[in-house]
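Report on the following structure.
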Amino acid sequence: MKRRSFLKTAALTTAGVGVAGGLYAWRIEPFWLEFVHRDMPVRNLPPALEGKTLMQISDIHVGNRFDYGYLIESFRKAKALEPDFVAYTGDYVSYESPEQHRQLDEVLAHTVTGKLGTVGILGNHDYGKNWSELDVATRITDQLHKAGITVLRNERTTVGGLTFLGIDDYYSPNFAPRLATNDLDSDAPTVALCHNPDVCDLDVWNGYRGWILSGHTHGGQCKPPFLPPPLLPVKNERYTAGAFDLYDGRSLYINRALGHLWPLRFNVRPEITVFRLRREA
């Protein structure tokens with residue numbers, strides 16, 4: 001092949017690969033849901049809860065930026081797994097205007113609930129513009145309660161024999177983690193919910209030992225193979241996605257998000273996590 005022909009063919013091939021990759025990242029991967037299954041060892045787990053499932057759903061981001069019919073279809077698939085517990089870890093909307101409340105109600109009509117309990121916390125986007133609109137957060141909380149989700153705002157609750165500790169969003173005016181972690185019963189089987197994993201590095205946990213479920217990062221949404229994601233909305237760049245040992249009796253799991261701020265993903269598929277509860281040895 002002559003040099004000019006070779007260069008032309010190479011350029012066309014490169015352009016074709018680029019277009020195909022762009023279409024994949026825009027039209028396929030953002031809607032290619034993965035159910036991630038893994039064990040969750042819990043201290044002092046009651047024998048009756050051994051083998052039960054806890055489903056984590058995070059960052060659904062209902063709004064104007066993608067067709068949220070995908071979320072409803074994802075909820076349908078999640079319901080078929082019949083989880084025992086469901087935990088939502090924040091960012092139910094990408095808030096721009098009161099229109100998002102109507103849109104959220106459309107999605108919440110298909111809410112995935114647990115047979116034994118359903119809990120949730122708020123994320124930064126649930127506080128509206130600049131993460132500071134308390135009236136937006138209050139209305140979203142009311143919507144979630146009506147859909148059967150117990151929203152924990154710096155508090156704890158015990159459902160079905162399992163205690164959930166919920167911390168309000170790090171960036172919100174209502175961030176008060178010690179209200180949730182004070183006077184902890186160290187013998188109670190407990191799972192903590194905290195939208196932003198950076199909170200794990202703050203001195204607010206009062207000796208808590210156990211799992212912390214977070215979201216917020218979306219795993220970076222786009223990640224080169226074998227390399228860390230170039231953009232993460234956290235201070236601690238270790239906190240990408242998946243499980244992390246915090247080396248003090250706490251374990252962190254960061255969900256890659258079901259939704260997205262913008263429908264663009266590469267090498268970071270959307271996720272719903274299904275934990276199987278195990279008694280910690």
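Just so it is clear, none of the values below were taken in a lab; they were calculated from the coordinates. This one's a predicted model, so the numbers in the text were calculated from it and none came from an experiment. FYI the Cβ positions are ideal-geometry reconstructions off the backbone, even for glycines, and counts take in every protein chain you see.
Side notes on the structure shown:
- When Cα extents along the principal axes in Å is computed from the coordinates, the matching label among (1) 55, 43, 34; (2) 140, 32, 25; (3) 77, 45, 37 is (3).
- The simple Förster model, with R0 at 41 Å and r as the Cβ-Cβ distance, assigns residue 106 and residue 176 a FRET efficiency of 0.85.
- For the pair residue 280 and residue 202, the difference between a 0.36 nm per residue extended length and the Cα-Cα distance amounts to 25.6 nm.
- Normalised by the number of residues in the range 94-181, the mean separation of alpha-carbon contacts (under 8 Å, six or more apart) gives a relative contact order of 28 percent.
- Stretched out straight at 0.36 nm per residue, the stretch from residue 185 to residue 267 would grow longer than its current Cα-Cα span by 25.5 nm.
- Ascending count of other beta-carbon atoms within 10 Å, so fewest first, for 264, 54: 264, 54
- Subtracting the Cα-Cα distance of residue 37 and residue 72 from 0.36 nm times their residue separation leaves 10.5 nm of extension gain.
- Inter-probe distance in nm under a simple model that places probes 7 Å from Cα toward Cβ, at residue 50 and residue 129: 5.5 nm
- Membrane-span-like helices in the chain, defined purely by DSSP H runs whose alpha carbon atoms cover 24 Å or more axially and whose average Kyte-Doolittle hydropathy reaches 1.0, do not occur.
- A simple spin-label model places the labels of residue 138 and residue 97 2.3 nm from each other, with each point 7 Å out along Cα-to-Cβ.
- Among beta bridges that DSSP assigns inside the range 130-281, antiparallel share in %, nearest 5: 40 percent
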